[in-house]
Amino acid sequence: MPSYELDSFTPSRSIRVVAATELLPPFSMRLLFWLIDPENQVIWPTSTDQLSATPSLEVPDELGYARFDGLWQNTCFELFLGTTKQSDYREVNLSPTEAWNCYHFDSYRQPDKMPPAQSQDIQLLEIQAHPQKLHAVINVQGLLTHYNCQLGDLRLGISSVLQLKSGKTQFFALQHSGKQADFHRQQDWIAQL
């Protein structure tokens, strides 16, 4: 299972984020995120009532998981999926509240409307949050069909947004190649399956 220590856009010695991915053939992947926060600086919401996000569906999805827009405005873990052959991609948001969402982009940050268009070709099969740990399993069969590719053909960007009790926000990703934290930059999607 490949694991990655995510880099903070603004250097931080006291907070670390580690992520891991695991293929679950034929069409799924497991995602694990660990937050190392010995000084307890990160806000870890445990209820959707604590979010500055809005429900995107009046009822939970078919497996009972709530989809919320704006999860990135709170402590949130993210996965970006695309291929080198197509410009469109997906953004998956996973919250410690066990809420989630998945968005479709035609190309870099396009369309630029908020909230972005929801994608239905990725399904959340499981999500569990514990203090400083999040575990999720997603099914990407619809995305693989759309791209006409295999799991190993996907490019992955792994990132997180951490809201701190101080009011600041920290951004973590596999790498940051821009002058600002920007998880949509595909050249920073360097995770391998």
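Here are some notes:
- The single condition from (1) surrounded by 14 or more Cβ atoms within 10 Å (Cβ to Cβ); (2) closer than 27 Å to Met1 by Cβ that Gln128 fails is (1).
- Put simply, of Gln110, Gln118, Gln141, Gln86 the only residue that is touching a Cys at 6+ places or on another chain (Cβ under 7 Å), surrounded by fewer than 22 Cβ atoms within 10 Å (Cβ to Cβ) and either farther than 21 Å from Ile43 by Cβ or not basic (Lys, Arg) (or both) is Gln118.
- Consider region 41-61 and keep the residues that are without any contact (Cβ under 8 Å) to a residue 40 or more places away in the chain and of a type outside the set (A, V, I, L, M). The one that is surrounded by the fewest Cβ atoms within 10 Å (Cβ to Cβ) is Glu58.
- Scanning region 25-72 for residues that are touching a helix residue (DSSP H, G or I) at 6+ places or on another chain (Cβ under 9 Å) and outside any loop (DSSP other than H, G, I, E, B) gives Ser28, Met29, Pro55, Phe68.
- Lys85 falls short on exactly one of the conditions (1) in contact (Cβ under 8 Å) with a residue 60 or more places away in the chain; (2) in contact with a Gly (Cβ under 7 Å, 6 or more places away or on another chain); (3) part of a loop (DSSP other than H, G, I, E, B), and that condition is (2).
- Verdict on Asp182 being open to solvent by less than 60 Å² (accessible area, probe 1.4 Å), closer than 20 Å to Leu31 by Cβ and assigned to a loop (DSSP other than H, G, I, E, B): no
- All conditions in (1) within 21 Å of Glu22 (Cα to Cα); (2) surrounded by fewer than 22 Cβ atoms within 10 Å (Cβ to Cβ); (3) within 11 Å of the chain's Cα centre (by Cα) hold for Lys133, with the sole exception of (3).
- Total residues in region 16-40 satisfying the condition of being open to solvent by less than 40 Å² (accessible area, probe 1.4 Å), in contact with a Leu (Cβ under 7 Å, 6 or more places away or on another chain) and either over 21 Å from Phe80 (Cβ atoms) or not aliphatic (A, V, I, L, M) (or both): the figure is 3.
- Inspection of region 113-135 finds a residue satisfying the criterion of being of a type in the set (Lys, Arg) and either assigned to a strand (DSSP E or B) or closer than 19 Å to Arg67 by Cα (or both).
- Condition broken by Thr169, with the remaining ones in (1) out of contact with any Lys or Arg (no Cβ under 8 Å at 6 or more places or on another chain); (2) touching a residue at least 60 places away in the same chain (Cβ under 8 Å) satisfied: (2)
- Here the condition is being in a loop (DSSP other than H, G, I, E, B) and within 22 Å of Pro131 (Cα to Cα); of Glu5, Glu98, it holds for Glu98 alone.
The values are calculated or read from the model by the stated rules, or taken from the named source; none is laboratory data. Because the structure is a prediction, the values reported are computed rather than measured. Quick reminder, even Gly has a Cβ in these numbers, built from the backbone with ideal geometry, and neighbours come from all protein chains shown. Just so you know, the surface numbers come from the protein's heavy atoms only, side chains and all, with ligands and any DNA or RNA stripped out. Shrake-Rupley method; radii C 1.70, N 1.55, O 1.52, S 1.80 Å.
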